[in-house]
Amino acid sequence: MRHAEVTLDDKFVLTEGRVFITGVQALLRVLMDQRRLDRAAGLNTAGFVSGYRGSPLGGLDQQAARARKFLTEAEVVFKEGLNEDLAATAVWG
C-alpha cells in the first residue's frame with residue numbers, strides 16, 4: 001500500500017517506505033531511529049547533539065531547530081554552541 005498523503009514531516013515520522021531526505025536531515029533521523037530501536041528493545045535511552053553556526057557540518061543547527069518537535073519526542077536534546085570549543089564542551093559534559 002502506498003502512502004496516500006505526503007507531508008514535509010514524513011522524513012522524520014515514517015517508519016516504513018521511502019522518505020526523501022538530505023544528508024544533514026539523515027543525521028538527525030538516525031538519532032530518532034536509534035531511540036525507536038532502543039524502545040523496541042526495552043531500553044530507555046536519550047540523545048544529545050551540539051553544533052554551531054559556521055561549522056564544517058553546516059546546517060545541522062538549522063535542521064535541528066526545524067525538527068525540534070520530533071527531536072523532543074525522541075528524547076534528543078540539541079544545544080547550540082556559540083563556537084567550536086563551546087559545542088565540544090557541551091558534548092563532553
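The values are calculated or read from the model by the stated rules, or taken from the named source; none is laboratory data. Model, not experiment: these values are computed from the prediction. We place every Cβ from the backbone using ideal geometry, glycine too, and count neighbours over all the protein chains shown. Accessible surface areas use protein heavy atoms only, side chains included; no ligands, DNA or RNA. Shrake-Rupley method; radii C 1.70, N 1.55, O 1.52, S 1.80 Å.
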Checked segment 21-48 for anything closer than 16 Å to ARG68 by Cα and either free of Cβ contacts under 8 Å to residues at least 24 places away in the same chain or open to solvent by less than 40 Å² (accessible area, probe 1.4 Å) (or both); matches are VAL24, GLN25, ALA26, LEU28, ARG29, VAL30, MET32, ASP33, ARG35, GLY47
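Being assigned to a loop (DSSP other than H, G, I, E, B) and farther than 18 Å from GLN63 by Cα is the filter here, so list the residues in segment 18-38 that pass it. Break it down into steps so the answer makes sense when it comes.
Taking segment 18-38 as the starting set, the residues that turn out to be assigned to a loop (DSSP other than H, G, I, E, B) are 18-22.
Listed by number, the list holds a single entry, ARG18.
Listed here are the residues, each with its yes/no results for (1) closer than 22 Å to ASP10 by Cα; (2) at pLDDT below 95; (3) not β-branched (Val, Ile, Thr).
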position: ALA41; (1), (2), (3): no, no, yes
position: VAL49; (1), (2), (3): yes, yes, no
position: PHE78; (1), (2), (3): yes, yes, yes
position: ASP85; (1), (2), (3): no, yes, yes
How many of the residues making up segment 29-52 are under 16 Å from ASN83 (Cα atoms) and out of contact with any Gly (no Cβ under 9 Å at 6 or more places or on another chain)?
1
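Rundown of residues vs (1) in a strand (DSSP E or B); (2) open to solvent by 30 Å² or more (accessible area, probe 1.4 Å); (3) within 30 Å of ALA90 (Cα to Cα), yes/no style:
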site	(1), (2), (3)
PHE12	no, no, yes
GLU16	no, yes, no
SER50	yes, no, yes
SER55	no, no, yes
GLY58	no, yes, yes
